Amino acid sequence: MISEQTVKASRLDGTPTTRVADTGTHLPQPPHPLASKTLASDLPAPAAKLAALVSPLALAACGGGGGGGDSVAEGSAAGTAQAQAQASGASVIPASVALSAGLRIALGELTSRPTEPERAPMSRRDAARLLTQASFGIRTPAEVDDLMSEGAEHWLWRQFAMPYALHTSYLDLQRKRDYWNRAFDFMSYEAVWRQWLFEDGQLRARVAFALSQIMVISNAAGSLPAYALSSYMDTLNRQAFGTFRALLGAVTLHPAMGYYLNMLRSRKADPDAGTHPNENYAREVLQLFSIGLVKLNADGSTRLGADGQPLPTYDESVVKGFARAFTGWSFGGQGNASSSLFDGARIDLEANWTTPMLPFAAMHEPGPKPLLDGAVLSGGQSTEKDLDDALDAIAAHPNVGPFIGRQLIQRLVTSNPSPAYIARITAVFNDNGQGLRGDLRAVLQAILLDPEARGDDAATRERFGKQREPVIRFTNLLRALGASTASPCGRTDLNRTDQGGDLLGQSPLLAPSVFNFFSPNYRHGGVLAQAGLVAPEFQATTEATVVGLFNTFTHLVNWSGHGWDEGTGDGGGRINLDIKSWETLALASPEACVDRLNVLLFNAQMSEATRTTLIGLIAPGPRNDWGVNVRIRKALIFAAVSPDFVIQK
C-alpha cells in the first residue's frame, strides 16, 4: 500500500527536473508498482552531463520580479556551466530553455544512446526538408545552413538529448493570473503552443504531438482539469524517445487516460448487480494505440486467411479479457491505503491528476482472462501482475511495429510510405540492433534517415508527400516570421484554435473523439482515392477550415502578430512577428525575399509559377503601386495558402 504522504506533490513528469528560476529540485515520482526501471543514474553520459548543466541556471521567474531574457547572462553560474560543457564537448542547454524562466526543465527517457556520429554534410534542400519533418518549422536560413554542415544523423543525436520544460510547471506559474489561483484548461493549451514555438528540442515536441494523435485524450467535452491535460503532455514528452512498452504503461496508468476511456474505477464483475468491467480502454488500446483490427505483415499489408479475408487480431472475448485485466485501478494522489479511496478519492485534488493510478486489489477481477492469440492470464494474479502481463502481451504483438511505425511515418514524412519503407521501420522496431524491441529513438531515427525520407527529388516522387495539417501549417508560418513574446516564460495568447470563422479547425488536446481529427486510413474522394492513396489530413479539410485558415493567416500577417499586450509588464500573451525585416528585404530585392521564403516555407522546392507570382506581388509596378508594407503582406498571405506550402514534400 502507498500512503498519501508518499505521493503528495508528485508529478507524472519524470526525473531529473529543476526549476530554471532557482536551484530547488522538483520532487521525483513516488515508488510505483509498475514504474519504469530507467533511472537518472542510468542515463547515458551525454544526457547525464546535460542534467548536471540544468541545475545552476538562475534566471528570473516569469512574473516573479526581475528581468527575464532568452540567453544566459554572461558571468552567471549557467554561463560558467555552459563554458565548461563546451570545453568538455558535452551538450549544452539550448538558449531557448531560458525562454522558460520559472519553469522546471526535465530530461526524458532515452533507452539507447549511440556514440556521437560523424558530421556528414547534406544538401540545402534536404536539410530544409528534415527540419520541416522533424520540427514545427524553420526559423532562419541559418538553421538550414548549420544543418547542412552538421548532417542529419548528428542533428538527430543532439535532438534526442535535448531537455524540455514541463507543461505542469507552466500551470504553476500561470495560475497566478487568476485571483483565486486556479489553473484553467486554456493555460494547458498555451503550454503546448509555447513548446512548439520556442523550445529548441523540436523533435521531441513534434513526436509528442504525433503520439498525442495516436494515444488520444481530448478535452472536447471540457471535463478534464488543466493539470490532467498538462501532465499527460509531460508524459508523452518524457516517453517520446524511450521504449514503446514504457510509453504504453505510462499512458495506461495516466489518470487523464483512465478518466477519458473509463479504466479509472473500473471494477470486477458483480453478477448480483448485473455489472461487468468497463471495456472502453481495452477496446481502444488494441484498436487505436497498438495493433489495429487486422493482422499485418511486416510491411503493413493485411494478412489474409485461407478464405482470402483479412485475419482479425482479436475478438470480443479478448476485449473482455483485457477489460478484466485492467480492473482495480483508481486515482493515486491520495494513496491506496484505504479501499474507500477507490470511489472516494477527490476528483478536485490536483495530485490525483498528476500521479499514476494505483491498484486496489479488492476491486480487481480475480478469474482467468483470455488475451491475444490464445494466451490466457491465470486466475488469482495480483492487480499489478495482470496489468503488467496484459501490456507485455500487447507490446510483444507482431502488429505493433508496422501499425505504429506507419503512423509515425505519416505524421512526420509522408502519407503513403511504401511497403518496403514500413518493413524497414518494423525491423528496427523489432530489434534496434542491440536486441531491444520497441526502441522509439531508434525507430524515429530510422524513419527520418530512411532513403525514402531523404534526398533532393521528393518533389518529383508521384506518391510522396502529405498535407500539412492546420496547426503544423500555422506554427510553420509563425516560426518563419520570427514569432516572439515579451513574456520570459514564453506565454502566448494562443490556446483554443478550433472554433470560430477565423481559426484553424484544429487544436491540440481537443480532438473531436478518440479517433483524432482524422484517420490514418482516410481516402479523399476523387483522384487520390482512384490512385489508391490515403490522405489523412484531408479528412479535416473542409470549406469552413479552408476559409478559417485564410482568415487566420490574413489577420496574423496584417496585425503583425496575435493577441494583445495587456499592460502587465511582461507583454501579456501577444505574439509579435518580425514583418519589418521582410519589408526591408522586399525593398532591397524582391527576388532575395522570395528566396528566403523558399527556404523557410517551401523547403527550397518552390515551383516556378509560385515564385513568379510572389515576385510580382512584392515588386512595385504600375498595377502594384501599394506601399511595401502592403505588398509584402499580400505576398506572405499568398505563400501561406499556396499549394506548394500546403503540401509537404
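Compute the accessible area per residue over the range 399-465, keeping the other protein chains in place, probe 1.4 Å, unit Å².
That works out to 33 Å² per residue.
Can you give me the C-alpha center-to-center distance between the range 235-267 and the range 152-201, rounded to a whole angstrom?
That distance is 19 Å.
With no solvent and one point per C-alpha, what does the Debye sum give as log10 I(q)/I(0) for the range 399-465 at q = 0.13, 0.16, 0.20, 0.25 Å⁻¹?
-0.32, -0.48, -0.71, -1.04
Once you place label points 7 Å from the Cα toward the Cβ at residue 460 and residue 382, how far apart are they in nm?
6.2 nm
Subtract the Cα-Cα distance of residue 647 and residue 146 from 0.36 nm times their separation in residues, and report this length gain in nm to one decimal.
177.9 nm
Sort 641-648, 289-296 by packing, meaning the average of other beta carbons within 10 Å per residue, with the highest value first.
Listed from highest to lowest mean packing, they are 289-296, 641-648.
For the range 456-478, list residues with backbone N below 19 Å from a point placed 7 Å from the Cα of residue 123 toward its Cβ?
From the range 456-478, the list is 456-466.
Whole number in Å², please: accessible area per residue of the range 466-648, 1.4 Å probe, ligands, DNA and RNA not counted.
It amounts to 41 Å² per residue over the range 466-648.
Percent of accessible area on the range 399-465 owned by carbon and sulfur, 1.4 Å probe?
Roughly 54 percent, rounded to a whole number.
Tally up the carbon and sulfur contribution to the accessible surface of the range 466-648 as a whole percent, 1.4 Å probe, everything protein left in place.
58 percent
To check my understanding: the extent here is largest minus smallest coordinate of the Cα atoms along each principal axis. What are those three numbers for the range 466-648, in Å, largest first?
Computed over the Cα atoms, the extents are 47, 46, 25 Å.
Label residue 587 and residue 519 with points 7 Å out from Cα along Cα→Cβ: what is the distance between them in nm?
Taking the simple label geometry, residue 587 and residue 519 are separated by 5.5 nm.
Give me the net charge for the shell around residue 458: Cβ to Cβ below 15 angstrom, other residues only, Lys and Arg +1, Asp and Glu -1.
It works out to a net charge of +2.
Rounded to the nearest 0.05, what FRET efficiency do residue 392 and residue 580 have when you use their Cβ-Cβ distance and R0 = 51 Å?
0.35
Taking the Cα centre of the range 446-582 as the origin, how large is its charge dipole in debye, to the nearest 20, when only Lys and Arg (+1) and Asp and Glu (-1) carry charge on their Cβ atoms?
The dipole of the range 446-582 has a size of about 140 debye.
What's the extension gain from residue 309 to residue 220 if we count 0.36 nm per residue and subtract their Cα-Cα distance?
That works out to 28.4 nm of additional length.
Mind checking the full-extension length gain between residue 302 and residue 362? Use 0.36 nm per residue of separation minus the Cα-Cα distance, one decimal, nm.
Length difference between fully extended and current span is 17.5 nm.
Can you tell me the FRET efficiency between residue 373 and residue 154 if r is taken as the Cβ-Cβ distance and R0 is 35 Å, rounded to the nearest 0.05?
Result of the calculation: an efficiency of 0.25.
Mind putting together the pair-distance distribution for the range 111-174? All Cα pairs, 10 Å bins, whole percent per bin, short to long.
That works out to 19, 41, 25, 13, 1, in percent per bin.
The values are calculated or read from the model by the stated rules, or taken from the named source; none is laboratory data. Just so we're clear, the structure is a prediction, and the values are computed from it rather than from any experiment. Neighbour counts run over all protein chains shown; Cβ positions are idealised from the backbone, glycine included. Side chains are part of the model used for accessible areas, which takes the heavy atoms of the whole protein and leaves out ligands, DNA and RNA. Shrake-Rupley method; radii C 1.70, N 1.55, O 1.52, S 1.80 Å.
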